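What follows is one structure encoded as structure tokens, with my remarks underneath.
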Amino acid sequence: MVADTEITQPVSVIDGAPLKDLPSDTCYKGTDKGIVRGDRWSQSQTGKIHSVPQNGSIVPNSGLPPHYNKVNLYRVDSCSSVSCSGSLVMDAASSEEFDLVVRSGVCFDVGPRRVMEDEHVRIDDLVDYLGSLSMSKGPSSCYGVFDGHGGKDAAQFARDMLLKYIVQDVSFPTSVEEAVYQGFLKTDKAFAEACRADSSLSSGTTAIMVLVLGREVFVANAGDCRAVLCRRGKAVDMSRDHKPCCQQERMRIEALGGYVDDGYLNGLLGVARALGDWHMDGLKGAGCPLSGEPEVKQFLLTPDDEFLIIGCDGLWDVFSSQLAVEFARKRLQQHNDPEQCCRELVAEALRRDSSDNLTVVVVCLQANPPPKLTTKFSVRKSISSQGLQHLQGAIDSIF
């Protein structure tokens, strides 16, 4: 059993890849992992670190909480990046080495809803999980959040099948972007076939998948879940929310004969992209406005990159990206524990009256807590007009 792997259900073996059985972690009433509070439940899962250093030695872990007794440091090359309209632009001209440590935590809560429809995937050690299929150097990890609507079946299907279709694609691992893109489309098509066989499965889900392959990060998003990177205290959006009222999505919707009514696609759905929803006539299918195509983005990590926050819209409805980064950064400075940070983000979202299910994954990228930031500023001394007149009078009296 992989100690630092978490998926909400055991996943069937991927063809050609010796995947290991995973612990069941579905948290609905009656299970032993959920914390049941009347009609509500929540759960958090301790983040873990994979512990096979490249050089075979264990590195001192003075910056880690006590329960992290081993740490995996990887020496990787970092290409510098600059900010451009909220995205990262890669510049291969300069590079430097830095230590990348991947560890994560997760917390989820039903919130004020009666039913929990969120699902997630958290795999800290993708190399061990995929075996020979993984060809990246350094740490490889996978994280996903799936926000179901109209039922939980689509979210559970995507949780179980999306990674499978990604690594099965002929493009993997030589062209990860293409493999991830095709994985989303194949998952969507496979769920349509499952719904035709069993109409009770009819539902939909937004989906975000984050693959950390050494210094490279691939983010694929369909819907309004969001991934945010903290780069030295600054929030960098790694995905774009696909809301029907977004200008780019509205133009696409209207070009396909759809419309946006009070922020809802065809007056029915609050997102412009999702997996599933095949039961909605005129909404999903060839030439229809609801798309299952993901936006896939690639990033290169730098020494200034501290952690990731991946969450469903229940978090982002009450947090801006920058505010979430500031909140999480302050907590990580206090305890350096991604699991506890997730719990605190969820608790704060509930305090801010989030009206939805909540799922939050925090992925720390360094062993030490985020550093204190120093602000460089200069003080310019000036003199008022009255003071200038007095000075001029004093000078005139001398001469």
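The values are calculated or read from the model by the stated rules, or taken from the named source; none is laboratory data. Being a predicted model, the structure only gives us computed values, none of them experimental. Cβ sites come from the backbone with ideal geometry, for glycine too, and all protein chains shown count toward neighbours.
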| Glu177 being part of a helix (DSSP H, G or I), within 19 Å of the chain's Cα centre (by Cα) and surrounded by fewer than 20 Cβ atoms within 10 Å (Cβ to Cβ) | yes
| Given (1) in contact with a Pro (Cβ under 8 Å, 6 or more places away or on another chain); (2) over 25 Å from Ser104 (Cβ atoms); (3) at pLDDT below 95, where does Gly214 come up short, assuming only one miss? | (2)
| task | Count, please, the residues in the range 82-140 that happen to be modelled with pLDDT under 55 and closer than 19 Å to Pro338 by Cβ. | result | 0
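Take the residues of the range 251-283 that are part of a strand (DSSP E or B) and of a type in the set (D, E, K, R): which is nearest to the chain's Cα centre (by Cα)?
First pass over the range 251-283, keeping only residues part of a strand (DSSP E or B): 260-261, 264-265, 269, 273, 275-276.
Narrowing the set further to residues that are of a type in the set (D, E, K, R) leaves 261, 273.
Working: Asp261: 29, Arg273: 17 Å.
By that ranking, first place goes to Arg273.
So in the range 300-313, with the set limited to residues that are more than 13 Å from the chain's Cα centre (by Cα) and crowded, with 21+ Cβ neighbours inside 10 Å, which one is farthest from Ser104 (Cα to Cα)? Steps first, please.
Step one: list which residues in the range 300-313 are more than 13 Å from the chain's Cα centre (by Cα), which gives 300-306.
Going one step further and asking which of them are crowded, with 21+ Cβ neighbours inside 10 Å, we end up with 300-301, 305-306.
Values: Leu300: 19, Leu301: 16, Asp305: 15, Glu306: 12 Å.
So the residue we want is Leu300.
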| field | Residue in the range 188-207 that is among the hydrophobic types (A, V, I, L, M, F, W, C) and under 15 Å from the mean Cα position of the chain (by Cα) present | value | yes
| query | How many residues are over 30 Å from Asp305 (Cα atoms) and either in a strand (DSSP E or B) or acidic (Asp, Glu) (or both) if we restrict to the range 185-229? | reply | 4
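Would you pick out the residues in the range 135-155 that are outside any loop (DSSP other than H, G, I, E, B) and more than 21 Å from Ser104 (Cβ to Cβ)? I'd like the intermediate steps shown before the answer.
Step one: filter the range 135-155 for residues outside any loop (DSSP other than H, G, I, E, B), giving 140-149, 153-155.
Gly148, His149, Asp153, Ala154 - these are the residues of the range 135-155 that are outside any loop (DSSP other than H, G, I, E, B) and more than 21 Å from Ser104 (Cβ to Cβ).
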